[in-house]
Structures are given as structure tokens and as C-alpha cells.
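Inspection log for the structure reproduced underneath, given as C-alpha cells.
The values are calculated or read from the model by the stated rules, or taken from the named source; none is laboratory data. Quantities reported herein were computed from a predicted structural model and do not represent experimental measurements. As a convention, Cβ positions derive from the backbone with ideal geometry for all residues, glycine included, and neighbour counts pool all protein chains shown. Side chains included, ligands, DNA and RNA excluded: accessible areas come from the protein's heavy atoms. Shrake-Rupley method; radii C 1.70, N 1.55, O 1.52, S 1.80 Å.
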Amino acid sequence: MQQGIGAEDMARLVEDWASAHGRTRDRLLPLLHWLQEEIGYVDDMAVPAIAAALNLSRADVHGVVTFYHDFRRAPAGRHVVKLCRAESCQARGGAAMEAAAADRLGVAMGETRRDGQVTLEPVYCLGLCAVGPNALVDGRPVARVDAAALDRIAREIAA
Ligand code: FES
């Protein structure tokens, strides 16, 4: 993952990707996913470069980046905790779990804690609906999240 790159390098990255993978409108999501994988988030300064590379308006690109919850617009914390907000997990106490997680981890949903240690993000179904409410902690699924599980997650993050 590359970090801390400037606007020129960003534009070069985007241009190289578009040269290799195409410049049609349907390339927008693959490019955004690749960029997030490469940089860790979709920086606002990438939007003009992406628009130019794919012949889209900046508003088109910005609209897609902000519509999809998958795209992070700022660097994540050292740990990323994702909580499922989809229907089954909500029916199994997801909202209460989310409030408890925000409290226990000291960060609001969609935010990164000030010390940069953890980012709390929503996710929409992990395919584990029968054992919710569910979370992903640094990519590892955690089922039946309750107060004890949140304590374990908080200890993991503090370590
Ligand atoms: S609804 Fe949460 S895992 Fe499917």
C-alpha cells in the first residue's frame, strides 16, 4: 500500500491504471476499488484525475465515491472494525451493539479515533446472517457480537 502521495503521483497512478485497464465508464468501480487497495482510501485529490482518465465529470466520480460505503475517503486507523448494519444483524440487536461498540472503542461510527488506533465502519451483510450481529475485525469475522466480544475486540486493539 502506498501512502502520502501527492497530486502528481496520484494522477500518474490513475493514468497508468486507465491505460492498462480501459477508459470506459464501467471501469470506474474497478478503478476506485484498486485505488483504495493501493492507497488505503480514495483521496479527494484523485477525483479530477479519475474524471479525466475515464472521461467523466468530477460530479459523476464524486457521486459514486460518496454513494458506496465501501469507499473510505480518509486513511483508516491501525485497526478497522466493521459492524454489520444489514437486516438480519439489525434484527438481532445490531443497533444496540453498534452503540455499545462506539462507546467501548471510543469512536463514532464512520470515524477514526483521534489516536489513529481504530476506525469503526458499517458493512452491509457479511453472509453470516444466522449468527449475527456480526463484525469484521481487521478482516476477521466475529459472530454473535456482545459485550464480552466487544471487550475482547477493545483489548485486541489496545495491544
Ligand atoms: S445481515 Fe449481518 S451478516 Fe448478513
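For this structure, a couple of remarks:
- Tallying residues that are in contact with a helix residue (DSSP H, G or I) (Cβ under 7 Å, 6 or more places away or on another chain), more than 7 Å from the ligand (Cβ to nearest atom) and not basic (K, R) within region 84-100 yields 1.
- Residue count, region 100-153 (criterion: more than 13 Å from K82 (Cα to Cα) and out of contact with any Ser or Thr (no Cβ under 8 Å at 6 or more places or on another chain)): 18
- In region 129-159, residue nearest to the ligand (Cβ to nearest atom) [restricted to those that are among the aliphatic types (A, V, I, L, M) and open to solvent by 60 Å² or more (accessible area, probe 1.4 Å)]: A130
- The set of residues in region 19-57 that are crowded, with 19+ Cβ neighbours inside 10 Å and assigned to a helix (DSSP H, G or I) comprises L31, L32, L35, Q36, I39, A46, V47, A49, I50, A53, L54.
- Test: H69 is open to solvent by 70 Å² or more (accessible area, probe 1.4 Å), more than 14 Å from the ligand (Cβ to nearest atom) and in contact (Cβ under 8 Å) with a residue 12 or more places away in the chain: no
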